[in-house]
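S.K.: Here it is: the structure, laid out below.
The values are calculated or read from the model by the stated rules, or taken from the named source; none is laboratory data. Keep in mind the model is a prediction, meaning the values are calculated, not measured. Positions of Cβ are generated from backbone atoms using ideal geometry, with glycine treated the same way; all protein chains shown enter the neighbour counts. SASA here: full protein model, heavy atoms, side chains in, ligands and nucleic acids out. Shrake-Rupley method; radii C 1.70, N 1.55, O 1.52, S 1.80 Å.
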Amino acid sequence: MNYSPILAAGLLVFVAVSSTSFAAEKPFSIAIHGGAGTISKASLTESQQKAYRAKLQEAIDAGYKVLANGGDSLDAVQVSINVLENSPLFNAGLGAVYTYDGAHEMDSSIMDGKTMNAGAVAGVRHIKNPIDLAKAVMEKSPHVMLSGQGAEEFALTQGYQLVPANHFDTESRYQQLQNAKEKINKAESNPEYQASTGHNYKQSALDYMELDYKFGTVGAVALDQQGNLAAGTSTGGMTAKRFGRIGDSPVIGAGTYAENGVCAVSATGHGEFFIRYHVAGDICAKVKYQKKSIIQAADEVINQRLITAGGSGGVIAIDHRGNIATPFNTEGMYRATRKSGEEAQVMIWRDK
Ligand code: ASP
């Protein structure tokens, strides 16, 4: 009897079954944010909501596509962030906020959980997509973080074109600056404020005044089919910040962190708190050493530790299995998530 057809058929079934389970064992997922803050339902018109949701959908789908095609989590993070940086809706790239002095100074970082390499730029003024330059610092320089003029000169050596500073001027951000300045000036002339600080130094008023920022930073975290985690963050910082101020977004362990087998995090919020509380690193440490789930670890840091400290904001976090957490302690956080084989979830508030 000739067994070969039976054997061949058996082999085919085996290959089919094993490749199915192989695929099923390789989950991938991605999460993005477009900033947290006082995003009240009343403050967004129906058409603004639609515009935000459409851009978030476009960004998550761009990253998802890279992952679905077997691409790297680093590339997925970069392409998703590029979509958000190129939109005036978010406080990164094109929509970057103004400093008190009326300039735009952007910060960004990216981390590769596979190699523990990282790259960051701080205070750049002429870089269209700061996340690209952060990646170039990681891949093409011996350093982790470059700032200001040095970062821009490095960009030129890498073939980047600098864009004029007014590339980032938008009317809505300009109005936000005027509103913030009004509040700062009010706080400055408030005797209670003066007594509490002992001086009337304008920029300290940022900490004093009622926080009503829409932070608007953008970020992405991803797990690819090879099991590699990556995270990236890009921002214009905080409206009316003092020139030269650097927030948490380019600080590895504060605004961005990724480590294979553990987790990847990108943050948005009041950067001074995120730096001091080492937010992204703290979440991953809870996962790594305390064996907490990503949901619990991220929730403890954002909704317990930071709240007690008075720091507002949120994170997107992902673990090595592709589980995603998106806690925030503000009214809303622009965000989207998408897991392998599933549709994207695009959300602004707690419930939708
Ligand atoms: N974390 C950013 C910063 O402090 C602001 C934000 O998330 O929008 O620079």
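S.K.: Restricting the count to DSSP beta bridges whose residues both fall in the chain, what percent are antiparallel, rounded to a multiple of 5?
M.R.: 90
S.K.: Which sequence of Ser80, Ser147 reflects their accessible areas, 1.4 Å probe, from the largest down?
M.R.: Ser147, Ser80
S.K.: Roughly how many percent of the accessible protein surface of region 34-139 is carbon and sulfur, given a 1.4 Å probe and a whole-percent answer? Working shown, then result.
M.R.: Working: 1700 of 3410 Å².
Whole-percent figure for carbon plus sulfur exposure: 50.
S.K.: Give me the percent of DSSP beta bridges within region 62-163 that run antiparallel, rounded to the nearest 5.
M.R.: If I count the DSSP bridges inside region 62-163, around 65 percent turn out antiparallel.
S.K.: Which whole-percent values make up P(r) of the chain when all C-alpha to C-alpha distances are grouped in 10 Å steps starting at zero?
M.R.: 6, 26, 33, 21, 8, 3, 2, 1, 0, 0, 0
S.K.: Still on this structure: Please give the helix 279-289 orientation as an angle from the longest Cα principal axis of the chain, in degrees from 0 to 90, rounded to the nearest 10.
M.R.: Once rounded, one gets 40 degrees.
S.K.: Turning to a different aspect of this structure: GNM, the chain, Cα, under 10 Å: largest mean-square fluctuation among Gly159, Gly123, Gly150?
M.R.: Largest GNM mean-square fluctuation: Gly159.
S.K.: In addition: Run the paramagnetic zone check for Lys292: 7 angstrom along Cα to Cβ, then residues of region 309-352 with backbone nitrogen under 19 Å.
M.R.: Under cut-off, by backbone N: 309-330.
S.K.: Excluding ligands, DNA and RNA, what is the solvent-accessible area per residue of region 220-318 at a probe of 1.4 Å, expressed in Å²? It would help to have the intermediate numbers written out before the result.
M.R.: Details: 3030 Å² over 99 residues.
In whole numbers, region 220-318 has 31 Å² accessible per residue.
S.K.: Provide the per-residue ³J(HN,Hα) series for region 294-305, in order, calculated from phi with Karplus coefficients 6.51, -1.76, 1.60 and θ = phi - 60°, each as a whole number of Hz, with x at glycine and proline positions.
M.R.: Working through the residues one at a time gives 4, 5, 5, 4, 5, 5, 4, 6, 7, 9, 10, 4 Hz.
S.K.: Cα axis of helix 4-24 to longest principal axis of the chain: angle in degrees, 0 to 90, nearest 10?
M.R.: Tilt relative to the chain: about 10 degrees.
S.K.: Between exposed chymotrypsin sites (Phe, Trp or Tyr not before Pro) in the chain, where DSSP calls loop and at most 11 other Cβ atoms lie within 10 Å, what's the longest gap?
M.R.: Answer from the scan: 4-200.
S.K.: Between Ala54, Ala336, Ala76, where does the largest GNM mean-square fluctuation fall for the chain, given springs only between Cα atoms within less than 10 Å?
M.R.: In the Gaussian network model the winner is Ala54.
S.K.: Taking a virtual spin label 7 Å from the Cα of Ala103 along the C-beta vector, which residues in region 224-242 bring their backbone nitrogen under 13 Å of it?
M.R.: Output list for this probe position: 241-242.
S.K.: Ranked from the most accessible area to the least, with a 1.4 Å probe and all protein chains present, what is the order of His320, His33?
M.R.: In descending accessible area the options line up as His320, His33.
S.K.: What value, in deg cm²/dmol to 500, does the helix sum -39500 (n - 2.57) over DSSP H runs of n ≥ 4 give at 222 nm once divided by the residues of the chain?
M.R.: For the chain, the value works out to -11500 deg cm²/dmol.
S.K.: What is the Cα coordinate range of region 58-199 on the first, second and third principal axes, sorted by size from largest, in whole angstrom?
M.R.: 59, 33, 30
S.K.: In percent, what relative contact order does region 80-145 have, based on Cα pairs under 8 Å that are 6 or more apart in sequence? Can you show the working numbers first?
M.R.: On the way: 116 pairs, mean separation 16.6, N = 66.
The value is 25 percent.
S.K.: Another one. To the nearest 10 Å², what's Glu58's accessible area with a 1.4 Å probe?
M.R.: Its accessible surface works out to 90 Å², give or take rounding.
S.K.: Kindly express, to the nearest 10 degrees and within the range 0 to 90, the angle between helix 130-140's C-alpha long axis and the longest C-alpha principal axis of the chain.
M.R.: That works out to roughly 60 degrees.
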